[in-house]
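What follows is a short report on a single structure.
What follows is calculated from the coordinates using simple rules that are stated; it is not laboratory data. Since the structure is predicted, the reported quantities are computational estimates derived from the model, not experimental observations. Note that each Cβ is placed from the backbone with ideal geometry, even for glycine, and that neighbours are counted across all protein chains shown.
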Amino acid sequence: MTGSMLKKIWALFIREKQFFFLMIVCTFLSGIVLCMCFGVFCNYIEAKNAGEHDLRMLEIPFDDDVENGRYITKRQVADCVMQLSDNVTEDVDMFFVRSRMNNGFLIACRFMIDEGEYRACQLVRNNLVRTSDLNDYFTDDDEREGKKVAIIPNGEWTEEMLSWMDGRAVIDDMMTDASHINVNGEIYEVIGDHKFAGEILVPFQSLSDDTVIDAEGLTLTFKESISPRQYNEVKTVVEDSLGDAVHVPKMPVLDHYRMTIYNTAIFLDILVAVWIALNFSILYRYILICRKKEIGIFLACGLNKNKMLLYITLSWCLMLLPVFLLAIVIFHIVILPMISWMIQYAVKNYTFIMYLCMNVIFGIVLLTVTGITVGRIIYDTDIMTAIKGDRSQV
């Protein structure tokens, strides 16, 4: 009985082919527009977040407790950074790590990655050579091939910065002759000196694989403010590659903006759903008035008004909700990849939970508005007048 009645009520709408088609198209386009509006808003909020806080540096500390086996080696870092996509490495103008020698002196490595290969850090070369803090720097070949070359701190700066350990004397003890220095048992050719820090600079690839990276960990400096998408990629790759010996900091204020995004997305969903439902209610009203005689016949045959309201509301929603869901699926599979470059900050916010939220809210609003519109017509319907074909009511 129920299935047969639903089919008959459904036929009330299907026979109005032009209006039926129009509502299907409008529902489909509304799903697409809602998804796009959500993306534009998310992109604006995330860009505003990044712009206001200018997050150009990401510092990821490591554990360096060798005695208890909680430490990270050069080999692990090398494997980790090579897993980062071009989306990240193209925007990173410096990777920085360092290691502490047995005598307390620091070894520092600053490098870049370009198309999967190591390159000399142009940021250091350009800035420090220009300010005369550095008289030479590594070439791209030095970094890529891991050549045993070093740039050592000069006497001026180390006497001031490392007076507690007599830095100049330590450097002298490490020198094997006038142009070579012993770094962790490896002989490096000294190609220059610097005065901006108390550390020996060497190519990253020149370090042995088992070299322990100190607690300062891995630092990435970006040419522009890091995007949430880049942050999430770095966080995932680092934690998956290096385990619990690393501590990726939270991206500042991201949680606050995430709540703003979700709250506003819900508001947008409700607003669009109400707008769609109110517009459709005009069409519901027209169709039901045109079919008022048939509704009167249903009621005269014993179908009470409550069941009539339930059947009409459910049949209507069962027609439109799948169309709305199809629109979201097509948006995610076809449209989103095409426009992702325009809303790159927002792409990661298109989650299953958000899509589910859109569908649930749309369904609730559609049921509510449809029920109110249909209910007013059904409960105001006089059976005998409706059967006679009088459309003046309502």
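Before moving on, here are some points about what is shown:
- Packing around the peptides 91-100, 359-368, 333-342, 66-75, taken as the average count of other Cβ atoms within 10 Å per residue, puts them in this order, highest first: 91-100, 359-368, 66-75, 333-342.
- Within the shell of other residues whose beta carbon sits under 13 angstrom from the beta carbon of E115, the net charge comes to -3, with Lys and Arg scored +1 and Asp and Glu -1.
- Note on segment 56-251: Rg/Rh from C-alpha atoms, Kirkwood Rh, equals 0.96.
- Among the listed pairs K195/K250; K148/K195; K74/K195; K148/K235, those beyond 28 Å (Cα-Cα): K195/K250; K148/K235
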